[in-house]
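What follows is a single structure, written as C-alpha cells, with notes after it.
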Amino acid sequence: MIPSALEHVPEIAGDSGQAAVFLDYDGTLTPIVSQPEDAWLFDSMRQTLRELAARAPVVAILSGRDLDNVRRRVNIDSLVYAGSHGFDIAGPRGLRRQMAPEFLPNLDITEKELHKALEGIPSARVERKRFSIAAHYRNVKENDVPAVERAFDAVAVRHPELRRIDGKKVYELLPAIDWDKGRAVVWLLETLGLESRSGGIRPIYIGDDRTDEDAFRALKQTGVGILVSEKSQPTAASYSLKDPAEVERFLRALTATPP
C-alpha cells in the first residue's frame, strides 16, 4: 500500500509550500452515491476549497461531469473547471478551451443510438455531457451488466471516431484524440505560467478513478499524484487518501503549511 498523504504533507507541499492543486469531483470531493445528481459538496469541503484557492496559485476541478454541472456544484468563481474529462475548460480571467468541437455531430448521433440500445435494460442510464456520452450501470442488476456492455460495444464499434473509457460503474465514449486529464493538467500549468515559475510550484493531483491515472502519470516526474481509495491497487500515484473526508483533512493541512 502506498503511504498516506496525511503523513507526508510537508514533503508533498515541497520546499516553497506553494502547490497547484488539481482535483477530481465524484469519489474525491464527494462520496460516490447511487444517483450522480445527489453528489453535492458538503459546506465544510466548499469552505476548505475557498481557503485553499485564496492561497494556491491555482485550484482546478477536473471531472467527467459536464462543465456547467460541476461548476454549479462547486460554485466557487476563483477555481478553474474542466468538464468531460478535460475536454471543456473554463476559468477566471477569460480562460477557455474546448477540445474537438468538430466531434459534436458524431456525439449527437451516437447518443441517440445508445439510448435505443439500452432502453430495454432496467436501470441502465445514458448521460450526455457536451464532449462525451456515458452509460451508467451502477443501479443495474448484476446479471444485466454484461448486456449493458454488449449493447454499448455494439454502438461503439460503429463509431471508430470515438474511444471507450471505463470508469466506476460506467462506460463512456469521447472523441478519439490524444487528450485526457493528464494533458489537460499539463496545458493548464503551461497556460497559467506555472510550469516555469521560479520558487518551485508543486503540482498535486488528487483523484479516485481510472481516468485520473492519466494525470498521475503526467505528473510523475514534476509533481505528486494522490489516489483516493480504501483498497490497495495498481496506480501511478505516489500517495493515498482513503475517502473524501481524508481529502478534506489533507487540503486543510496543505493550506496551513508555511510558505
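The values are calculated or read from the model by the stated rules, or taken from the named source; none is laboratory data. Everything numeric here is computed off the predicted structure, so don't read it as measured data. So basically every Cβ, Gly included, is an ideal-geometry build from the backbone, and we count neighbours across all protein chains shown.
Some notes on this structure:
- Filter result for E190 (touching a Lys or Arg at 6+ places or on another chain (Cβ under 7 Å), surrounded by fewer than 22 Cβ atoms within 10 Å (Cβ to Cβ) and free of Cβ contacts under 8 Å to residues at least 40 places away in the same chain): no
- The set of residues in region 111-141 that are more than 17 Å from I165 (Cβ to Cβ), assigned to a loop (DSSP other than H, G, I, E, B) and out of contact with any Asp or Glu (no Cβ under 9 Å at 6 or more places or on another chain) comprises E119, G120, N139, V140, K141.
- Count of residues meeting criterion [touching a Lys or Arg at 6+ places or on another chain (Cβ under 7 Å) and outside the structural domain of V70 (by TED's automatic domain parsing)] in region 88-111: 1
- Test set (1) surrounded by fewer than 18 Cβ atoms within 10 Å (Cβ to Cβ); (2) in contact with a helix residue (DSSP H, G or I) (Cβ under 8 Å, 6 or more places away or on another chain); (3) modelled with pLDDT under 95 - P234 fails condition number: (2)
- Just one of the listed residues (A176, A134) is within 23 Å of the chain's Cα centre (by Cα), surrounded by fewer than 22 Cβ atoms within 10 Å (Cβ to Cβ) and not acidic (D, E), namely A176.
- Of the candidates A156, A184, the single residue that is in the same structural domain as P10 (by TED's automatic domain parsing) and either among the hydrophobic types (A, V, I, L, M, F, W, C) or modelled with pLDDT under 95 (or both) is A184.
- Residues that are more than 20 Å from S34 (Cβ to Cβ), crowded, with 21+ Cβ neighbours inside 10 Å, in contact with an Asp or Glu (Cβ under 7 Å, 6 or more places away or on another chain) and touching a residue at least 40 places away in the same chain (Cβ under 8 Å) occur at least once in region 155-172.
- Strands (runs of 3 or more DSSP E) lying entirely in region 11-99 (those with 1 or more residues that are more than 24 Å from L173 (Cβ to Cβ) and touching a residue at least 12 places away in the same chain (Cβ under 8 Å)): 19-23, 59-62, 80-83
Results for (1) closer than 18 Å to T211 by Cβ; (2) of a type outside the set (F, W, Y); (3) surrounded by fewer than 14 Cβ atoms within 10 Å (Cβ to Cβ); (4) modelled with pLDDT of 95 or more, shown as yes or no for each residue.
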{"position": "T30", "(1), (2), (3), (4)": "yes, yes, no, yes"}
{"position": "A39", "(1), (2), (3), (4)": "yes, yes, no, no"}
{"position": "L62", "(1), (2), (3), (4)": "yes, yes, no, yes"}
{"position": "V80", "(1), (2), (3), (4)": "yes, yes, no, yes"}
{"position": "R96", "(1), (2), (3), (4)": "no, yes, yes, yes"}
{"position": "D108", "(1), (2), (3), (4)": "no, yes, yes, yes"}
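- Qualifying residue in region 201-210 (condition: closer than 29 Å to D108 by Cβ, surrounded by fewer than 23 Cβ atoms within 10 Å (Cβ to Cβ), free of Cβ contacts under 8 Å to residues at least 60 places away in the same chain and in contact with a strand residue (DSSP E or B) (Cβ under 9 Å, 6 or more places away or on another chain)): yes
- For R210, the stated conditions hold: it is basic (K, R) and under 17 Å from S63 (Cβ atoms).
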